[in-house]
1. I'm checking my understanding of the structure. Among residues of region 68-101 that are in contact (Cβ under 8 Å) with a residue 24 or more places away in the chain and part of a loop (DSSP other than H, G, I, E, B), which one is surrounded by the fewest Cβ atoms within 10 Å (Cβ to Cβ)?
2. Just give me the residues in region 25-62 being charged (D, E, K, R) and touching a residue at least 24 places away in the same chain (Cβ under 8 Å), in sequence order.
3. Can you tell me which residue is nearest to C95 (Cα to Cα) among those in region 5-45 that are touching a strand residue (DSSP E or B) at 6+ places or on another chain (Cβ under 8 Å) and of a type in the set (V, I, T)?
4. For V65, which of the numbered conditions (1) of a type outside the set (K, R); (2) in contact (Cβ under 8 Å) with a residue 60 or more places away in the chain; (3) crowded, with 20+ Cβ neighbours inside 10 Å fails to hold?
5. In region 31-60, what count of residues is obtained for those that are open to solvent by 30 Å² or more (accessible area, probe 1.4 Å), within 23 Å of I8 (Cα to Cα) and outside any loop (DSSP other than H, G, I, E, B)?
Amino acid sequence: MTLDNETITLQEITDDSVLSICKLSVNEKQKKFVAHNSISLSQACFSKHAWFRAIYAGEIPIGFVMLDDQPQKPEYYLWRFMIDEKYQGKGFGKCGIELLIKYVRTRPNATE
C-alpha cells in the first residue's frame, strides 16, 4: 500500500528491529488508552494466539499492530494498534488497518 509515495507495510519484528518498535510512542494524552509496545510484545510471547507486526513507512517503523488470531473458532480481533505520535493524522493508521484487514481476509473462515 502506498501513501504520499511511501510504501506502507506490515513487517515481522526481529531482534534487529525490536528496540526501534519499543521506542515508538503515542502522545501523552493517549498513553492511558494504549499499552506500551514493550508490554504488548511481552504479552505476545506468552499467547499462542498473538499475531503482531510493525507498521513501516518505507524503511521507517511508525507503528505496531497485534491481532488475536484464532482460526479454529474462527475469531480474529484487534488486540493492539498504535501509530507513533510523529506520524499520526497523516493517514498511516488507516493504511495500517487496511493492511490488517487484508491479512485477516486470508485467514480460515474469516467473515468479519
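1. Once the filter is applied, the top-ranked residue is P71.
2. Quick first cut of region 25-62, residues charged (D, E, K, R) only: 28-29, 31-32, 48, 53, 59.
Residue satisfying the conditions is R53 alone.
3. I8
4. Condition not satisfied by V65: (2).
5. Final tally of qualifying residues: 5.
The values are calculated or read from the model by the stated rules, or taken from the named source; none is laboratory data. Keep in mind it's a predicted model, so treat the numbers as computed, not measured. When we count neighbours, we look across all protein chains shown, and the Cβ atoms used for this are built from the backbone with ideal geometry, even at glycine. Remember, those area values only see protein heavy atoms, side chains included, never the ligands or the DNA or RNA. Shrake-Rupley method; radii C 1.70, N 1.55, O 1.52, S 1.80 Å.
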